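The values are calculated or read from the model by the stated rules, or taken from the named source; none is laboratory data. Nothing here was measured: the structure is a model prediction, and the numbers come from that model. A quick note on method: Cβ atoms are made from the backbone with ideal geometry, for glycine too, and the neighbour counts reach across all protein chains shown. Each accessible area value is taken on the protein alone, full model and side chains, heavy atoms only, with ligands, DNA and RNA left out. Shrake-Rupley method; radii C 1.70, N 1.55, O 1.52, S 1.80 Å.
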Amino acid sequence: MNMKDGRIRVVIESVSPEIDFGRFPAKRIIGDTMSVEADIFTDGHDAISASLLYKTEGEDAWREMPMTPLVNDRWQASFPLEQLGRYRYTVTGWVDHFKSWRKAIEKRVTARQVVSVDMLIGASMVEEAANHASGSAKSTLKKLAASLRSSSVKDDEKLAMVLEPDMVSLVDKHSVRLFTVTYPRELVVVVDPVCARFSAWYEMFPRSASSLPGRHGTFRDCERLLPRVAAMGFDILYFPPIHPIGVTHRKGRNNRPSSNPEDAGSPWAIGSSEGGHKSVNPMLGTPEDYKRLIAKARDKGIEIAFDLAYNCTPDHPYVKEHPEWFRKRPDGTIQYAENPPKKYEDIIPFDFETEHWSELWEELKSIVLFWIDQGIRIFRVDNPHTKPFPFWEWLITEVKRDYPEVIFLSEAFTRPKVMNRLTKLGFSQTYTYFAWRNTKWELTQYFTELGRPGVRDHLRPNLWPNTPDILTEYLQFGGRPAFIARLILAATLGASYGIYGAPYELMEARPREPGSEEYVDSEKYEIKHWNLERPDSLREFITRVNRIRRENPALHDDVSLRFHDVDNDSLLCYSKHTPDWSNIIVTIVNLDPHHTQAGWVTIPLETMSLDAAQPFQVHDLLSDARYLWHGPRNYVELNPNVVPAHVLRIRRRIRSERDFDYFM
């Protein structure tokens, strides 16, 4: 075995957060405080000290934060995340002989033991610290050492001197650390903008934005709808691909394998004689129109999210210019996409096993950089699980090195380990299985899994109750109550959520055929005209829910999510709170869209610092009703045909100076 200095006695283990032994970075947002914990211990009874070391990616010197012991040899410290990008951190520890001496001398002086020799030992340590200090610090430490050696100073006075906090800090600062040990791995945290954690997405097809039925929508039509989207409380407006659509094998209405001349085709079938991934569909407008839309949206507090879909049609310029980037079949034709028995003749995937993979990677990166130059900062990535993991890690790292404000949303409805890998290697957010989790048990188990330490350090869920590809059975048969319940669940279980806009507002629930999750007459294949002013629209309710989200910081994060007991399996109860408990939100949802459900909810009042002997007020932010609750167990009843949920803010009883109570 390799010998190391046998005088190193401190052990550092179980540093957290640490993802896959430091292979992948943790994730936080700007303004967070990065809390780091570790098991740190030594043999015997000597005292130890430890520090958290951190620096930004570009810094040479470490900054240091003293660590504080918790319980059972667990230590903790935090550092502020003040800029976007990557921070590095690690932990160091050492046997602290001066701290050990302080503890021992305090006990001996208290016991009235003879400590003259012990004081000389302490004086030597202080003198050594003075030799490494300068200026006033040096002179202060010299005076302390002299006092410890002096026979005219009483032991109690000497003890008071060495225990004085400023003096302790001064000695600690200048003491020589012998035989330190540093955790062998430098860990990384990626700091993203706030919208990487807290965001509300609205999906819209620009070609359906026209106010005139039958007319192809444009970017200028989308501008007209920006105030509406902003007023509803959405901060990210996501468009499917905006590129030219291929003609060869273009899909017809309802995904028919053949099309008519008037069929618009799928936006994900990218590329034609009019251009490819760096072009816009001329039916939508010009590149200048798109840049103008991005700027106008930003003025409204909205970011435009770009659909990054690495798909080509047979008409894409890449197919002629770079045939080496595609896989050829034995008959000489290029392999189209398949998921047997389904065939997607209008889509040709890139061959990531080509000998020219390096050139392919660089070109695909250039697409991202091109749209960043146009003003895009958010990319929703289509089916990333069908491309190699090393490619995504390289691409995202390369892009975020120069543009740390960019975020990537992974649209990967795939196996759990694959989804987890994608978020570990860099995706800022991910779609989830939320759409198919409907029962109390399913929702509780799934979100408990997502909230486990280690998982929540890299995976940020984005909850979508519907998408252009997903119309669940629950929405098909649950009516208006189902749409309201799923909206509330998405918006309160997750700090980030999204809806496929107009169909959700208008509660579109017609499948293409029984058992299908495809919409009939899907907008993926044709231009639609949505009557957004229909009186039965959910617009006002969605606006209220988004206002509740914005006004309650408890809903801006997922780390505090906790589920609570209800004696009815059709009722789901959970809470979120701010770190200081000043904002507590308790949500109760009736999961049965057809029947009134009632039950007794149990809230852990002691955890929330509420006096179980005193009544407290809960304010329903959906209905504006207020209830006076008593104790941890209270009755609820929810009629889905009224509102199938409570979103309750707990208000504490406050005694005023004028001796009357009010709730806050």
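So in the stretch 220-274, with the set limited to residues that are in a loop (DSSP other than H, G, I, E, B) and of a type in the set (Asp, Glu), which one is modelled with the lowest pLDDT? Checked the stretch 220-274; the qualifying residue modelled with the lowest pLDDT is Glu262. Taking Arg651 as the residue in question, decide whether it is of a type outside the set (Gly, Ala, Ser), in contact with a Phe, Trp or Tyr (Cβ under 7 Å, 6 or more places away or on another chain) and open to solvent by 60 Å² or more (accessible area, probe 1.4 Å). So Arg651 fails the test. Pairs are defined by a Cβ separation below 7 Å, a sequence spacing of at least 6 or placement on different chains, a first member in the stretch 275-287 that is buried (at least 20 other Cβ atoms within 10 Å of the Cβ), and a second member that is among the hydrophobic types (A, V, I, L, M, F, W, C) and assigned to a loop (DSSP other than H, G, I, E, B); the pairs so defined are Val280/Ile242; Asn281/Ile242; Leu284/Ile242.
Determine if the stretch 250-273 includes at least one residue that is at positive phi, in contact with a Ser or Thr (Cβ under 8 Å, 6 or more places away or on another chain) and either surrounded by fewer than 21 Cβ atoms within 10 Å (Cβ to Cβ) or without any contact (Cβ under 8 Å) to a residue 24 or more places away in the chain (or both). Yes, because at least one residue in the stretch 250-273 is at positive phi, in contact with a Ser or Thr (Cβ under 8 Å, 6 or more places away or on another chain) and either surrounded by fewer than 21 Cβ atoms within 10 Å (Cβ to Cβ) or without any contact (Cβ under 8 Å) to a residue 24 or more places away in the chain (or both). Considering only residues that are open to solvent by 40 Å² or more (accessible area, probe 1.4 Å) and not charged (D, E, K, R), which ones fall in the stretch 1-30? Hits for the stretch 1-30 are Met1, Asn2, Met3, Gly6, Ile8, Val11, Ser14, Ser16, Phe21, Ile30.
Would it be correct to say that Lys158 is open to solvent by 60 Å² or more (accessible area, probe 1.4 Å) and in a helix (DSSP H, G or I)? No. Scanning the stretch 431-440 for residues that are touching a Pro at 6+ places or on another chain (Cβ under 9 Å) and either of a type outside the set (Gly, Ala, Ser) or modelled with pLDDT under 95 (or both) yields Tyr431, Thr432, Tyr433, Phe434. Among residues of the stretch 366-393 being open to solvent by 60 Å² or more (accessible area, probe 1.4 Å) and among the aromatic types (Phe, Trp, Tyr), the one that is farthest from Pro241 (Cα to Cα) is Phe389.
Results for (1) over 25 Å from Ala645 (Cα atoms); (2) among the small types (Gly, Ala, Ser); (3) open to solvent by less than 10 Å² (accessible area, probe 1.4 Å), shown as yes or no for each residue.
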site: Lys528; (1), (2), (3): yes, no, no
site: Thr543; (1), (2), (3): no, no, no
site: Glu551; (1), (2), (3): no, no, no
site: Leu572; (1), (2), (3): no, no, yes
site: Thr578; (1), (2), (3): no, no, no
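The residue pairs whose first member lies in the stretch 542-564 and is over 13 Å from Lys576 (Cβ atoms), whose second member is open to solvent by less than 30 Å² (accessible area, probe 1.4 Å) and of a type outside the set (A, V, I, L, M), and whose beta carbons are closer than 7 Å, counting only pairs six or more residues apart or on different chains, are Ile542/Glu505; Thr543/Gly233; Asn546/Gly233; Asn546/Phe234; Arg547/Gly233; Arg550/Gly233. Sort out which residues of the stretch 74-133 are out of contact with any strand residue (DSSP E or B) (no Cβ under 8 Å at 6 or more places or on another chain) and within 30 Å of Glu186 (Cα to Cα), and write them in order of number. If the condition is that a residue be out of contact with any strand residue (DSSP E or B) (no Cβ under 8 Å at 6 or more places or on another chain) and within 30 Å of Glu186 (Cα to Cα), then Glu82, His97, Phe98, Ser100, Ala129, His132, Ala133 are the ones that fit. Please determine, by comparing only the residues of the stretch 530-541 that are in a loop (DSSP other than H, G, I, E, B) and open to solvent by 40 Å² or more (accessible area, probe 1.4 Å), which one is nearest to His216 (Cα to Cα). Among those that are in a loop (DSSP other than H, G, I, E, B) and open to solvent by 40 Å² or more (accessible area, probe 1.4 Å), it is Trp530. When the stretch 347-365 is limited to residues that are part of a loop (DSSP other than H, G, I, E, B) and either polar (S, T, N, Q) or open to solvent by less than 60 Å² (accessible area, probe 1.4 Å) (or both), the one that is farthest from Tyr403 (Cα to Cα) turns out to be Ile347. Pairs meeting the criteria (first residue in the stretch 61-78 and touching a residue at least 60 places away in the same chain (Cβ under 8 Å) and within 16 Å of Val10 (Cβ to Cβ), second residue in a loop (DSSP other than H, G, I, E, B) and among the β-branched types (Val, Ile, Thr), beta carbons under 8 Å, at least 6 apart or on different chains) are lacking. Among the residues of the stretch 441-463, the one identified as over 30 Å from Ser35 (Cβ atoms) and either touching a Pro at 6+ places or on another chain (Cβ under 7 Å) or aromatic (Phe, Trp, Tyr) (or both) is Trp441. For beta carbons closer than 9 Å, sequence separation of 6+ or different chains, a first residue in the stretch 308-324 that is closer than 11 Å to Pro244 by Cα and open to solvent by less than 20 Å² (accessible area, probe 1.4 Å) and a second that is among the hydrophobic types (A, V, I, L, M, F, W, C) and in a strand (DSSP E or B), the qualifying pairs are Cys312/Ile270; Cys312/Ile348; Thr313/Ile245; Thr313/Ile270; Thr313/Ile348; His316/Ile270; His316/Ile348.
A search for C-beta distances below 7 Å between a residue of the stretch 441-470 that is over 16 Å from Ala491 (Cα atoms) and any residue that is in a helix (DSSP H, G or I) and hydrophobic (A, V, I, L, M, F, W, C), counting only pairs 6+ apart in sequence or on different chains, returns Arg456/Leu450; Leu459/Leu450; Ile470/Ala435. Scanning the stretch 306-354 for residues that are modelled with pLDDT of 95 or more and more than 17 Å from Thr248 (Cβ to Cβ) yields a total of 13. Looking across the stretch 201-218, the residues that are touching a residue at least 60 places away in the same chain (Cβ under 8 Å), in contact with a helix residue (DSSP H, G or I) (Cβ under 7 Å, 6 or more places away or on another chain) and buried (at least 24 other Cβ atoms within 10 Å of the Cβ) come down to Tyr202, Glu203, Pro206, Gly217.
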